[in-house]
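What follows is a short report on a single structure.
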There are 2 protein chains.
Amino acid sequence: MQFRAAILGLCLAASAAWGDPQKAAQLRDAALRDDTAWNVLESLTTEVGPRPAGTPAAAQARDWGVAKLTALGFTNVHVEAFPKRAWLRDAEAAEIVGPFAHRLALLGLGNSVSTPPAGITAQVVVFDSLAALKAAPQSCCVGKIVLVNQPMTRTQGGDGYGNAVRARSAAPEASLRGAVAYLVRSISTSTARAPHTGGVQPWKPGQRAIPAAALGVPDADLIAHMAARGPVTVHLSLQSHVVDATAWTVSGDISGNEPAAGAIVIGGHLDSWDPGTGAIDDASGIAITVAAAKLMAATPHRRTIRVVMWGSEETGGSGAAYLAAHKDELGSIVIAGESDVGADNVYGLQLPEGAWNAPDIAPLESVLAPLKVMAMRAPPGEGGSDLEAIHDAGVPVFALRQDASRYFDYHHSQDDTLAIVDPVQLRQNVAAWAATLSILADTNFDFRKGQK
Amino acid sequence: MQFRAAILGLCLAASAAWGDPQKAAQLRDAALRDDTAWNVLESLTTEVGPRPAGTPAAAQARDWGVAKLTALGFTNVHVEAFPKRAWLRDAEAAEIVGPFAHRLALLGLGNSVSTPPAGITAQVVVFDSLAALKAAPQSCCVGKIVLVNQPMTRTQGGDGYGNAVRARSAAPEASLRGAVAYLVRSISTSTARAPHTGGVQPWKPGQRAIPAAALGVPDADLIAHMAARGPVTVHLSLQSHVVDATAWTVSGDISGNEPAAGAIVIGGHLDSWDPGTGAIDDASGIAITVAAAKLMAATPHRRTIRVVMWGSEETGGSGAAYLAAHKDELGSIVIAGESDVGADNVYGLQLPEGAWNAPDIAPLESVLAPLKVMAMRAPPGEGGSDLEAIHDAGVPVFALRQDASRYFDYHHSQDDTLAIVDPVQLRQNVAAWAATLSILADTNFDFRKGQK
């Protein structure tokens, strides 16, 4: 890698002063030897662990973030508070009562209502897909528990999730058909029994709210196997409560040397779901972006790199809060990016329209090539869910696309821990981010010019 | 496969009357189209689920076994009861108290003693290997909880387990050094959080009994990460009880047409651990051997195939009980084999010394080759833990070696469910067993002649 970098440096030494590929290549190679990301990731998962917004652990994570950015030399380290109505899990249990008794592994879905304290006991109606539920008559499920047991397709780009996750939010379809509760096969590519939770929209006025939970993949299959023999009865108890709490987004800068050139906003989200330690969702995103920004401190660059540790991604709110707090300064955000698909290799970089043709950005393709990161011509979309609000308000975004092939084996489950992170791939992420930041921090290209 | 079989049949048509490779190849190909094994496996895991010896579910499994063998046309279907002193799990919980509070995923080890009802709170001493614990001075661990955090190596043959599992039984080493409890990293090749239980020897007179449990792999790592920062305190509560119960081995025959030629004993074990549904440990072994024996019913053969569903493999006893009940008839058991390493492909057949040179057995190598099952010259060992007693008493054994590469990701954990079984590999197992049984049921070779 270093040999190739030297060659590349020679070849590209004559290119533009802004967006220097030689500097980008040096940062890339330094990242491949750097353990900052691993150390940040290990620290957050070990010292804080699970940290849903609205819990005491979220406040610990806030303090951790401030201390970590300060220790790493970031400036302008500060906390931005916003109100957070938080759904919090209490006791949950379920079992098949008959024909064959089995304990069930399940997790309530965020924003689910509770069952009565004694729980609900009812027969289950199994649908093999969300489409089958939607096609069922209104009379299908009166007094029943609906289970949608639709498997998820494994894909590199993660679009299998986008397809499958609609079933997680389908409790209203069951409610419309008279169901007393809604169960969904975990939105997961794994065969492990650990259930995968996730948030759903709060019930709307006029809707009949019913409890909703995710079953472990083998448990959903087990009910389906029994249902092929005859009626299956399940007992279900889901308890939760909602609190009016505060959430916090933590931010810190690596300053550029040209304040008028604006800032680049990057980061991951500080909150996590509760079953695991949130290593890949999203301590790794924080670790990767912190480490890449830290590397930038060693070289001169025009723009400030601002790392934002978003305070409430899983149940929403941090993007909107940031927009509200910074709406008058959005013009100074040149471009933004978020890392929130784990810690496996980056395979592509998506930039706003026209950017790959800019003379001081085009050489980035060669800098990323040794990392097996390709220049993707497809647009970056919203760039990450915490960026959606500012992106909709006009801030351009970029996306370093990560291999999501195994991400959904672990996501939102107890299996999201440090044990599943590959340190070599983690460094590759930092290298891709550092090289990209190096170019974006110096380029003269106007990312807004391709915007609609 | 069928085209190859036809060629093979032509080439081998002139070989010995006993041990007919053409018949073996036909059985092999029939097995690859047969769903009996899947149906048996689905039935046991769905209708009974977890079934430790000494529980009501073990009695359900016994009744299931009798009904299933009878329905499939086996004769001489009967139950053999034996006394079973059974260790049964009650409530268990553990958490890291400090420096950073975390719930821990753990399972008590079979035969562990209970903690006091209020549990044990103590500092943890972490050892990276069993060897490091054994090398530690007697004073190392007085009043402490010992954790051996030794990772397991993934191997095809499963010998990584033999190496790692010694740490599961090392509570006496901790006790000798004054420890108040013993924790072991799950004996697992997975990164999943679900702990893997397992049995250990009861404490011997004169030993100071201490509670022992297995931690989820990420949880063991988490303690190690914290211990690198300073003292770690864990609270642990393990409750269990022991009952004097009855266990049952279920047996049934596919008769041969030459009673004096003796019987072949095959099978898997009916009991399982409690966290999962025991799909690969060992409903699959029962399914594979039942299905292979059932196929044998369709063709004439000399020897009776006797399927034994062993009643207490996980915590021992069924092999010894069988020996005691059948010690006067061992001479009529020509050879025995057990399937107990899951449902992934068979990659080799091990036979007693000299057998591969027998003219009516040698052609089996060609029959197995299309399945990618090789003729292994290494001896078969004990042939399976339920066979150890009768093997020690002189019964020859064979071993169809299964790919164990992913077996220990799931073994003894809640992840051992039907969801991890590949139906295609399951059928390959049945094909290898059916072809092998076809030859063994007819051969004139004396498997005892190579015995010591």
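The table below lists the values:
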| read-out | value |
| --- | --- |
| Within the range A:414-442, considering residues that are within 14 Å of chain B (Cβ to nearest Cβ) and touching a Lys or Arg at 6+ places or on another chain (Cβ under 7 Å), the one most open to solvent (accessible area, probe 1.4 Å) | A:Gln414 |
| Single residue of the range B:286-321 satisfying the filter (hydroxyl-bearing (Ser, Thr, Tyr) and open to solvent by 10 Å² or more (accessible area, probe 1.4 Å)) that is nearest to B:Glu382 (Cα to Cα) | B:Thr315 |
| Residues within the range B:149-207 that are assigned to a loop (DSSP other than H, G, I, E, B), of a type in the set (Ser, Thr, Tyr) and open to solvent by 30 Å² or more (accessible area, probe 1.4 Å), tallied | 3 |
| Test result for B:Val79, over 30 Å from A:Glu95 (Cα atoms), aliphatic (A, V, I, L, M), at pLDDT 95 or above and open to solvent by less than 40 Å² (accessible area, probe 1.4 Å) | no |
| Identity of the residue in the range A:208-226, assigned to a helix (DSSP H, G or I) and open to solvent by 10 Å² or more (accessible area, probe 1.4 Å), that ends up farthest from the other protein chains (Cβ to nearest Cβ) | A:Ala224 |
| Matching option when the condition is among the hydroxyl-bearing types (Ser, Thr, Tyr), closer than 30 Å to B:Gln60 by Cβ and over 23 Å from the mean Cα position of the chain (by Cα), among B:Ser190, B:Ser240, B:Ser251, B:Ser139 | B:Ser240 |
| Within the range B:227-248, tally of residues that are of a type in the set (A, V, I, L, M, F, W, C) and open to solvent by 10 Å² or more (accessible area, probe 1.4 Å) | 6 |
| Qualifying residue in the range A:417-425 (condition: closer than 21 Å to A:Ala24 by Cα and at pLDDT 95 or above) | yes |
| Residue within the range B:403-413 that is within 14 Å of chain A (Cβ to nearest Cβ) and in contact with a Pro (Cβ under 9 Å, 6 or more places away or on another chain) present | yes |
| Test result for B:Gly252, over 30 Å from B:Asp409 (Cβ atoms), in contact (Cβ under 8 Å) with a residue 12 or more places away in the chain and within 14 Å of another protein chain (Cβ to nearest Cβ) | no |
| Selection count, the range B:397-452, where residues are farther than 21 Å from B:Asp281 by Cβ and basic (Lys, Arg) | 3 |
| Verdict on B:Ala194 being away from every other protein chain (no Cβ under 14 Å), of a type in the set (A, V, I, L, M) and within 25 Å of B:Gly162 (Cα to Cα) | no |
| Selection status of B:Asp281, closer than 23 Å to B:Tyr407 by Cβ and either open to solvent by 10 Å² or more (accessible area, probe 1.4 Å) or of a type in the set (Lys, Arg) (or both) | no |
| Selected residue [under 22 Å from B:Ala214 (Cα atoms), out of contact with any Ser or Thr (no Cβ under 6 Å at 6 or more places or on another chain), away from chain A (no Cβ under 14 Å) and surrounded by 14 or more Cβ atoms within 10 Å (Cβ to Cβ)] from B:Ala58, B:Ala86 | B:Ala86 |
| Residues satisfying the stated conditions in the range A:101-111, i.e. within 14 Å of chain B (Cβ to nearest Cβ) and open to solvent by less than 50 Å² (accessible area, probe 1.4 Å) | A:His102, A:Leu104, A:Ala105, A:Leu106, A:Leu107 |
| Cβ pairs under 6 Å, 6+ apart, first in the range A:303-332 and among the aliphatic types (A, V, I, L, M), second open to solvent by 50 Å² or more (accessible area, probe 1.4 Å) and part of a loop (DSSP other than H, G, I, E, B) | A:Leu323/A:Ala393; A:Leu330/A:Ala393 |
| Hits in the range B:326-340 - residues which are of a type in the set (A, V, I, L, M, F, W, C) and in contact with a Phe, Trp or Tyr (Cβ under 6 Å, 6 or more places away or on another chain) | B:Ile335 |
| Which numbered condition B:Ser272 misses (of (1) open to solvent by 10 Å² or more (accessible area, probe 1.4 Å); (2) assigned to a loop (DSSP other than H, G, I, E, B); (3) within 14 Å of chain A (Cβ to nearest Cβ)) | (1) |
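Matching residues to (1) over 28 Å from A:Gly54 (Cβ atoms); (2) within 14 Å of chain B (Cβ to nearest Cβ); (3) crowded, with 20+ Cβ neighbours inside 10 Å:
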{"site": "A:Ala93", "(1), (2), (3)": "no, yes, no"}
{"site": "A:Val113", "(1), (2), (3)": "no, no, no"}
{"site": "A:Thr121", "(1), (2), (3)": "yes, no, no"}
{"site": "A:Ala135", "(1), (2), (3)": "yes, no, no"}
{"site": "A:Gln138", "(1), (2), (3)": "yes, no, no"}
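The values are calculated or read from the model by the stated rules, or taken from the named source; none is laboratory data. Bear in mind the structure is a predicted one, so any value in this text is a computation, not a measurement. Note that each Cβ is placed from the backbone with ideal geometry, even for glycine, and that neighbours are counted across all protein chains shown. Side chains are part of the model used for accessible areas, which takes the heavy atoms of the whole protein and leaves out ligands, DNA and RNA. Shrake-Rupley method; radii C 1.70, N 1.55, O 1.52, S 1.80 Å.
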